[in-house]
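A short write-up of the structure that comes next.
The values are calculated or read from the model by the stated rules, or taken from the named source; none is laboratory data. All of these numbers come straight from a predicted model, not from anything done at the bench. Neighbour counts are summed over all protein chains in view; Cβ atoms, including those assigned to glycine, are modelled from backbone coordinates with ideal geometry. Note: areas computed on protein heavy atoms with side chains; ligands, DNA, RNA excluded. Shrake-Rupley method; radii C 1.70, N 1.55, O 1.52, S 1.80 Å.
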Amino acid sequence: MRPAILAILLALPAILHSQSVTLTPAIVESGSPELIRVHAAHPLTKIEGEWFGHKVLFFNGPGGNSWFALAGVDAEAPAGPSSLKITACSQEKPRDLSMTVEIHPAHYRTTTITVEPKFVEPGPEDKKLIEAASKAKEAAFAAAENDGAKDPLWSGNFQAPVKAAATDSFGTRRVFYGKTGNGKLASIHKGTDFRASTGTPVLAGNSGTVILAQKLFYEGNCVMVDHGLGLMSISMHLSRIDVKPGQQVTRGQILGLSGATGRVTGPHLHWAIRWQGVMLDPVKLLHLNLNNLK
């Protein structure tokens, strides 16, 4: 056999493998939501996946031969190769579709912000409020990650939660100072701020189930919506909440009004996207084409 033909035959499995799994966007950055598509020549019974230690939950698309998952890479994920594990199951033996995904760095800014001293150095009473808020959030996160859904609750593209401009604030390294100059707290901004004046209607980015609707210490009046398969959206600093836990909402439905509650410097909406404990860039999610997947 000629060397050129032999080389092609040896490379064929890799070529077929690369055509079986695609990621969108193709260039994967830290903080990036990713639409993973697995296409099979024959119908599959199920697909199982894992990425960065988190379960990747797939759902069957139109026609039966394509499976999709909405996943992503945390804002603090290190640059370099990562292992995306995928196992496709059919009537025959399971097929390993695992692949190496290169994570590219996203370049974030560093800023300083001055807030009320209690948000930098909370006192004993504030610490009790923080602890209670943490328990409420943990319960909501557990509900979203273990909702037992076989299909996503969302349908089609996500929409912006307010009719206002989004900033490039996701991933920004923030250093907080108290107004008295005392204290210092550094954190990463794991959401996107929208310039929305108090009283602006805040809308559901997509359909889902409300799993938290209450006042929290740092987040202020907060609404969390479970979109199924480990994906949720979080709206913070509201002046008013118009929904209740357990309520079903549709894309564009009013969740409440924007405001300036919690740790803020002024009225705005902080909108966050969480997948399996991973915080993703909301603006990049808005740019994903998720139509016609079900």
**Report entry** Computed lengthening from Asn289 to Thr265, 0.36 nm per intervening residue step minus Cα-Cα distance
**Finding:** 5.3 nm
Report summary line: Reported to the nearest 10 Å², Ile241 has, with a 1.4 Å probe, an accessible area equal to 50 Å²
Query - 17 Å Cα-Cα reach of Lys46 towards aspartates and glutamates, excluding residues that sit fewer than 8 places from it in its own chain - result: Glu92, Asp96, Asp151
Query raised in the report: Among Lys55/Lys163; Lys163/Lys190; Lys55/Lys190; Lys190/Lys294; Lys55/Lys150; Lys85/Lys150, which pairs are too far apart, with a Cα-Cα distance over 24 Å?
Result: Lys55/Lys163; Lys190/Lys294
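Hey, if we sort Trp67, Trp271 by accessible area with the 1.4 Å probe, largest down, what's the order?
Trp67, Trp271
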Query raised in the report: Quick one: Karplus J couplings for the range 62-79, per residue in order, coefficients 6.51, -1.76, 1.60, θ = phi - 60°, nearest Hz, x for Gly and Pro?
Result: x, x, x, 9, 10, 10, 10, 9, 9, 10, x, 10, 4, 4, 9, 5, x, 6
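Counting heavy atoms of the protein chains only and a 1.4 Å probe, report the per residue accessible area for the range 18-108 as a whole number of Å².
Values: 4610 Å² over 91 residues.
Accessible surface, normalised per residue, equals 51 Å².
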Report summary line: Mean accessible area per residue over the range 188-248 (1.4 angstrom probe, all protein chains present, square angstrom) is 32 Å²
Report summary line: Rounded to one decimal in nm, the spacing of the 7 Å Cα→Cβ label points at Ser66 and Ile254 is 3.7 nm
